[in-house]
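Written below as structure tokens is the structure these notes are about.
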Amino acid sequence: MMHTLFAAEALLPEGWARHVLLNWDETGRLTRVEPDSLPSSDVPRAAGPLLPGMPNLHSHAFQRGFAGLTEFRSTRADSFWSWRELMYRFALRMTPEALEAIATQLYIEMLAAGYTTVCEFHYVHHQEDGQPYADATEMMQALMRAAKATGIGMTLLPVLYQTGGFGGKPAQADQRRFLSGTDAMLRLIDRLAQQCKAAPELNARLGLAPHSLRAVPPEALRDAVAGLHALDATAPVHIHVAEQQREVEDCIAWSGQRPIAWLLDHMPVDQRWCVIHATHMVEAETLGLARSGATAGICPTTEGNLGDGFFDAERYLDAGGSWGIGSDSNASLSVTEELRLFEYGQRLLLQRRNVLASHARPQVSERMYLEAVAGGARASARAVGGLVVGQQADFVVLDGASAGLAGLPAAQALGAHIFSQRGAPDIAGVWTAGKQRIDAGRHDLAERSRNAFIAARRQLLA
Ligand SMILES: [Zn+2]
């Protein structure tokens, strides 16, 4: 197998480059990224513009099983909270076998969409009655098997969940599968680390996801983060914050502070942190979060689906804030749709165009794509930060012969890819760690996975 590819045009961190030759080693790390090359004729050629693979910084895999099934009105005030009741009912029925089938299908769909890494924020830990499985890692092993089979890179984030609301409010009965003590969670992470070490081909990274400020009291949050960093000083910490207005109000009632302000004041928030949503911020929070080095995890299709609100994007990006995209509830699996909706939300809000372009990068698609790759790499704590020596050979080849892209210079082709999509995405191939996983829109496991997914969903909905 040849560990090389030549692209007439490739998107490097500094922008588009021409005649780029890539080489990578046995482990799937890039060893050469050379513009203006003249390769020999036996080097394979990319069928169109070459993009770095996109990290997906936020996914709850099991939610793929009921994607699209909550789009009916039960009360006039349907909201995130009424959706959550349906989601809990589904979570209560999940089994390790069903989770593996759903996650395998989901990860194939992610790869086909151009996502090459997934940060899996996983909270269904226990059996249906709330008792732990004999092996506490049972559910997460199902996710790891799915990642290994499909070839997607994984950052696994077991979720710490302890309370049903701010101020130590007791958890509800329908949250029983999620709950863990702090020490039990740290033991679980230690055990997962051993499992990952024993399976290097899995290509996984471990971190911790304290679910939210309403689900983890301050002392437990502090202890869990300190315990994680004692095990691994660079491990990522992901947390849902400020997604909902009601959450903001409850946080103020509890602490006198808004959630992002509280987090920045009370926790050692830095580059290792990824703050999921951060939808409701005032200016000081936006600027404080940008300065902290944390990554904002923006999930535009889920935030739209759940009616969350708009992220303070222009101010945050102009302040140099790190950000990336996540598919979260997995109602939609499309890199282009997440990026497009992020920009369109701002256009609708501000009644302007190309809001997220900048002076240095006037092409809005180029700025968004590159910043989302960099932020996604930071949040996943993996070497997936783009087409650079030492990073993984994770990349996407666009279909340069498609009606949408043919004849366009790469900068415009990326704009057309993101803003003018019709039908299937213009993707010719997707590679992770130097291996091709998607060829002409297809994954080797597609047929088997589809059948297992349909059977699992039927059983869960029965
Ligand atoms: Zn989430």
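The values are calculated or read from the model by the stated rules, or taken from the named source; none is laboratory data. All values reported here derive from a predicted model rather than from experimental measurement. So basically every Cβ, Gly included, is an ideal-geometry build from the backbone, and we count neighbours across all protein chains shown. We work out accessible area using only protein heavy atoms, side chains counted, and drop any ligands, DNA or RNA first. Shrake-Rupley method; radii C 1.70, N 1.55, O 1.52, S 1.80 Å.
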Relative intensity, log₁₀ I(q)/I(0), of region 113-196 from a Debye sum that treats every alpha carbon as a point, q = 0.25 Å⁻¹: -1.26
field: Fraction of the pair-distance distribution of region 53-99 above 15 Å, Cα-Cα pairs, percent
entry: 53 percent
- prompt: Where does helix 96-113 land angle-wise versus the long Cα axis of the chain, in degrees 0 to 90, nearest 10?
  reply: 40 degrees
message: Going Cα to Cα from LYS435, which lysines come in below 18 Å? Please leave out same-chain ones fewer than 8 positions away.
response: LYS148
message: Just to check I understand the Karplus step: with θ = phi - 60° and J = 6.51 cos²θ - 1.76 cosθ + 1.60, what whole-Hz values come out for region 443-448, glycine and proline as x?
response: 10, 3, 8, 3, 5, 5
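Accessible area per residue for the chain in Å², computed with a 1.4 Å probe and the full protein assembly in place, what is it?
40 Å²
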task: Could you look at the chain and say what percent of its accessible area is carbon and sulfur, using a 1.4 Å probe and all protein chains?
output: 51 percent
query: Dividing the Cα radius of gyration by the Kirkwood radius, what Rg/Rh value follows for region 190-230?
result: 1.10
- prompt: Packing-wise, with mean Cβ within 10 Å as the measure, how do 74-84, 112-122 rank, highest first?
  reply: 112-122, 74-84
task: List the equivalent ellipsoid semi-axes of the chain in whole Å, largest first, each obtained as the square root of 5λ for an eigenvalue λ of the Cα gyration tensor.
output: 34, 25, 22
- request: Give the cross-link partners of LYS197 among the aspartates and glutamates, using a straight C-alpha distance below 14 Å as the criterion and excluding same-chain residues fewer than 8 apart.
  value: ASP232
- prompt: How are the Cα pair distances of region 352-462 distributed, in percent, across 5 Å bins from 0?
  reply: 2, 10, 14, 16, 18, 17, 11, 6, 4, 1, 0
field: the chain, helix-only ellipticity at 222 nm - DSSP H runs n ≥ 4, -39,500 (n - 2.57), divided by all residues, nearest 500
entry: -12000 deg cm²/dmol
Per residue convex hull volume, Cα atoms of region 311-389, in Å³: 110 Å³
statement: Spelling it out for VAL118: with amide H atoms placed in the peptide plane at 1.01 Å from N, the residues 5 or more places away or on another chain with amide H under 5 Å from its amide H are ASN56, GLY153, MET154, THR155
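Looking at the P(r) of region 1-43, how many percent of alpha-carbon pairs lie beyond 11 Å?
63 percent
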task: Select from region 332-373 those trypsin sites (Lys or Arg not before Pro) which occupy a DSSP coil region and have at most 14 other Cβ atoms within 10 Å, ordered by residue number.
output: ARG352, ARG353
task: Take the eigenvalues of the Cα gyration tensor for region 1-95, scale each by 5, and report the square roots as semi-axes in whole Å, largest first.
output: 47, 16, 11
- line: Phi-derived 3J(HN,Hα) across region 244-256 with the Karplus relation (6.51, -1.76, 1.60, θ = phi - 60°), rounded Hz, x for Gly and Pro, is 10, 4, 5, 5, 4, 4, 5, 5, 5, 4, 7, 10, x
